[in-house]
Amino acid sequence: MTATAPLTAADYEVVIGLEVHCQLKTNTKMFCSCKNEFGGASNSHVCPVCLGLPGVLPVPNEEAIVKTILTGEMLGCQIATRCKFDRKNYFYPDMPKNYQISQYDEPLCLGGAVTLDLLAYPKDAQKDPATVEDKPIRLVRIHLEEDVAKSFHFDDGTSGIDFNRAGTPLMEIVSEADISTPEEAFAYLSALKQILVYGGVSDADMEKGQMRCDVNISIRPRGQKEFGTKCELKNLNSISGVRRALKYEIARQIDVVLSGGKIEQQTRRWDDDKGETTLMRTKEKAHDYRYFPDPDIQPVRTDRGLYERAQQRLPELPKAKKVRLVQTFGVSSYQAGVLAADAALADYFEKAAAPKPANGAAVANFLLNDFLAMATGDETLPKVAPEFFSELAELSSSGQINSKQAKEVFAQMIATGKSPTALVKELGLAQVSDVGQLEAFCDQAIAANPKSVADFKAGKQNAVNALKGQVMKLSKGTANPQLVGEILVRKLSA
Ligand SMILES: [Zn+2]
């Protein structure tokens with residue numbers, strides 16, 4: 001590329017960094033004993049502390065600190081042995097104290113990474129696992145702060161504020177600008193959400209506002225070291241919405257520079273219905289929040305029991321679970337990945353496959369193919385005893401029912417909740433493996449199809465399949481196909 005050559009869209013690369021706010025699952029708020037609960041009548045979970053009345057003393061919530069340390073441990077961060085809380089000063093009605101208690105220069109966690117597993121990518125952008133390696137997105141830091149209240153704007157031009165959310169614990173996870181595509185941003189959020197859910201730290205549901213995300217995005221000519229001017233996107237409330245917003249914004253920025261314009265530092269709002277970003281405000285002078293240490297809150301030492309408490313709660317993470325599922329149950333790496341992506345589904349599978357681990361792959365097939373194919377709505381787990389899956393896999397692999405019958409039993413099992421063994425009896429489905437009875441069917445088929453017999457004798461091995469089909473028909477689908485094949489070949493070769 002020379003200085004004079006005109007650039008095209010392909011000459012630009014995209015640089016994306018995400019700031020994720022995540023509501024922590026705790027019983028009470030961050031600095032008072034009000035309930036931390038979604039919903040409830042407006043302003044019903046409030047007290048002098050979270051309303052910012054004078055003369056109160058905030059007391060940090062130990063559980064929120066432990067959950068933040070646990071998050072840091074799951075993401076490979078360095079956990080500070082000492083951290084402190086600071087006041088971030090700003091004037092806005094959603095923060096009655098006129099400052100937010102946050103962490104400035106001594107956050108709880110530093111560094112770490114979120115690894116982009118292939119299955120975390122959007123389905124239409126999943127690449128061949130053999131050719132792509134998992135990509136780590138580095139983290140800058142994770143800190144703990146309090147959430148703000150929620151404002152409502154009514155039709156008559158008035159506004160109201162609900163302080164139920166004010167003061168609830170909020171974790172901010174800041175990534176390095178390591179993300180290069182909208183699909184990677186999608187994968188980052190999916191992978192992060194998965195880990196937060198695994199650790200029981202948060203339900204991380206973006207639609208419910210439990211996980212909120214601000215996106216910083218800029219473009220620069222490939223090979224250039226300095227970052228381009230960045231824009232910040234707000235109002236993103238789903239993981240797929242983040243992907244759509246980024247696609248739009250990348251095209252917009254490239255359009256601006258290719259037509260000779262300059263990117264202005266802006267904060268833009270994403271409108272998911274219209275599918276576009278619109279200007280909220282241009283770069284205000286660098287915000288001076290006048291952070292200073294909160295004089296009401298002692299610095300926190302994590303090495304006095306808090307760190308140990310977080311350690312004890314470390315769960316088996318998706319990656320380790322995937323490896324173990326392959327080793328223990330003989331499922332494919334893909335099946336293990338799909339199972340491990342959903343902790344509840346993986347638990348269900350393990351219970352289902354436990355009675356006979358050797359049938360694990362068959363159980364996984366029933367669960368991942370047959371069940372998910374017929375599941376409706378937001379049904380994510382079968383409502384039948386997990387052991388039934390093992391029972392069905394055993395009936396099938398031992399040849400007591402054939403694969404067609406297994407599908408029928410499966411559908412009935414899900415619909416009625418009855419055990420596969422009971423259903424096989426009830427539906428009269430047991431596969432016929434009685435050699436005498438099968439021989440009679442085979443004789444009948446051979447007598448009725450002289451052409452197929454002649455073909456087979458002339459060397460056409462496939463002709464046996466036509467005869468096999470006849471036997472299956474005669475037996476109304478109950479014959480053991482493998483045995484039938486053996487008997488036919490024996491009789492025809494005699
Ligand atoms: Zn309160």
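Since every read-out is calculated from the coordinates, none of them should be taken as a lab result. No experiment lies behind these values; they were computed from the predicted model shown. For neighbour counting, all protein chains shown are included, and Cβ atoms are generated from backbone atoms with ideal geometry for every residue, glycine included.
Which three semi-axes in whole Å describe the equivalent ellipsoid of the range 106-195, each the square root of 5 times a Cα gyration tensor eigenvalue, listed largest first?
Numbers: eigenvalues 238, 74, 19 Å².
Listed largest to smallest, the semi-axes of the range 106-195 are 35, 19, 10 Å.
Enumerate the amide H contacts of residue 479 below 5 Å, restricted to partners 5 or more residues apart or on another chain; note that Pro and chain-start residues carry no placed amide H.
When sequence neighbours closer than 5 places are left aside, the close amide H contacts are 432.
Just flag the trypsin sites (Lys or Arg not before Pro) in the range 375-409 sitting in loop per DSSP whose Cβ has no more than 12 other Cβ atoms within 10 Å. Before the final figure, lay out each step's value.
Values: sites: 383, 404, 407; in loops: 383.
Passing both the DSSP loop test and the Cβ count: 383.
Show me the GluC sites (Glu not before Pro) within the range 224-333 that DSSP assigns to loop and that have at most 15 other Cβ atoms within 10 Å of their Cβ.
Numbers: sites: 226, 232, 249, 264, 276, 284, 308, 316; in loops: 226, 264, 284, 316.
Counting only loop positions with at most 15 other Cβ atoms within 10 Å, the GluC sites (Glu not before Pro) in the range 224-333 are 226, 264, 284, 316.
For the range 7-19, what does the Karplus curve 6.51 cos²θ - 1.76 cosθ + 1.60, with θ = phi - 60°, yield as ³J(HN,Hα) per residue in whole Hz, taken in order and with x for Gly and Pro?
For the range 7-19, the Karplus curve yields 8, 10, 3, 5, 7, 9, 10, 10, 10, 10, x, 10, 10 Hz.
May I ask for the Kirkwood hydrodynamic radius of the range 435-493, worked out over all distinct Cα pairs and given in angstroms to one decimal?
Values: mean 1/r = 0.0911 Å⁻¹.
Roughly 11.0 Å, rounded to one decimal.
Using Cα atoms only, what is the angle between the long axis of helix 182-198 and the major principal axis of the chain, expressed in degrees (0 to 90) to the nearest 10?
That works out to roughly 90 degrees.
As an exercise, find the ratio Rg/Rh for the range 262-373 from alpha-carbon atoms, using the Kirkwood inverse-distance average for Rh. Don't jump to the answer; show the numbers that get you there.
Details: Rg = 24.7 Å, Rh = 19.4 Å.
Result: Rg/Rh = 1.27.
Taking the Cβ of residue 164 as the center, what net charge do the other residues with Cβ under 15 Å away carry, scoring Lys and Arg +1 and Asp and Glu -1? Don't skip to the answer; put the middle values down first.
Working: positive: 29, 35, 150, 165, 208; negative: 37, 94, 146, 147, 162.
Around residue 164, the surrounding residues sum to 0.
So for each of 177-184, 395-402, 66-73 I average, over its residues, the number of other beta carbons within 10 Å; can you give me the resulting order with the highest mean first? List each step's numbers first, then the result.
Working: 177-184: 19.9, 395-402: 18.2, 66-73: 25.0.
The most tightly packed comes first, giving 66-73, 177-184, 395-402.
Suppose every K and R has +1 on its Cβ and every D and E has -1 on its Cβ; what is the size of the dipole of the range 244-385 about the Cα centre, in Debye to the nearest 20? Don't skip to the answer; put the middle values down first.
Details: 22 positive and 20 negative charges, 78 e Å.
For the range 244-385, the charge dipole is close to 380 debye.
Relative to the longest principal axis of the C-alpha atoms of the chain, give the angle of the C-alpha long axis of helix 481-493, reported between 0 and 90° and rounded to the nearest 10°.
30
Rg and Dmax of the chain, Cα atoms, in Å?
30.6, 101
On a C-alpha basis, how far is the centre of the range 16-83 from the centre of the range 391-457 in Å? Whole number, if you could?
59
Return the subset of 135/247; 67/247; 25/127; 193/319 for which the Cα-Cα distance in this structure is over 24 Å, preserving the input order.
Values: 135/247 20 Å; 67/247 34 Å; 25/127 34 Å; 193/319 14 Å.
Flagged as over cut-off: 67/247; 25/127.
Would you please put 155-161, 134-140 in order of how densely packed they are, using the mean number of other Cβ atoms within 10 angstrom per residue and starting with the highest? Present the calculation step by step, with values, prior to reporting the outcome.
Working: 155-161: 8.6, 134-140: 17.6.
Descending mean neighbour count gives 134-140, 155-161.
Would you mind checking which residues have amide H under 5 Å from residue 234's amide H? H placed 1.01 Å from N; only 5 or more apart, or other chain.
Counting only residues 5 or more places away or on other chains, the set is 268, 269, 270.
How far, in degrees from 0 to 90, does helix 463-474 lean away from the longest principal axis of the Cα atoms of the chain, to the nearest 10?
Compared with the principal axis, the helix lies near 90 degrees.
In terms of modelled amide H atoms, which long-range or inter-chain residues lie less than 5 Å from the amide H of residue 375?
HN-HN under 5 Å from residue 375: empty list.
Where in the range 224-318 are there chymotrypsin sites (Phe, Trp or Tyr not before Pro) that are in a DSSP coil and have at most 16 other Cβ atoms within 10 angstrom of their Cβ?
Values: sites: 227, 248, 270, 289, 291, 307; in loops: 227, 289, 291.
Those satisfying the criteria are 227, 289, 291.
Per the Cauchy relation, a quarter of the hull surface: what is the mean projected area of the convex hull of the alpha carbons in the range 182-327, in nm²?
Details: hull surface 57.3 nm².
Result: 14.3 nm².
Starting at the first residue of the range 44-55, write each ³J(HN,Hα) from the Karplus equation 6.51 cos²θ - 1.76 cosθ + 1.60 with θ = phi - 60°, in whole Hz, x for Gly and Pro.
9, 10, 9, 8, x, 5, 7, 8, x, 6, x, x
Can you bin every Cα-Cα distance in the range 1-110 into 10 Å intervals starting at zero and give me the percent of pairs per bin, rounded to whole numbers?
Spelled out bin by bin, the range 1-110 gives 11, 32, 28, 12, 9, 6, 2 percent.
Count charges around residue 457 for me, please; just the other residues with Cβ under 15 Å from its Cβ, Lys/Arg as +1, Asp/Glu as -1.
Working: positive: 451, 460, 490, 491; negative: 455.
Here the count lands on +3.
Lys and Arg at +1, Asp and Glu at -1: add these up for the other residues within a Cβ distance under 11 Å of residue 56 and post the number. Display every interim value, and only then the final one.
Details: positive: 97; negative: 296.
Neighbour charge sum, excluding residue 56 itself: 0.
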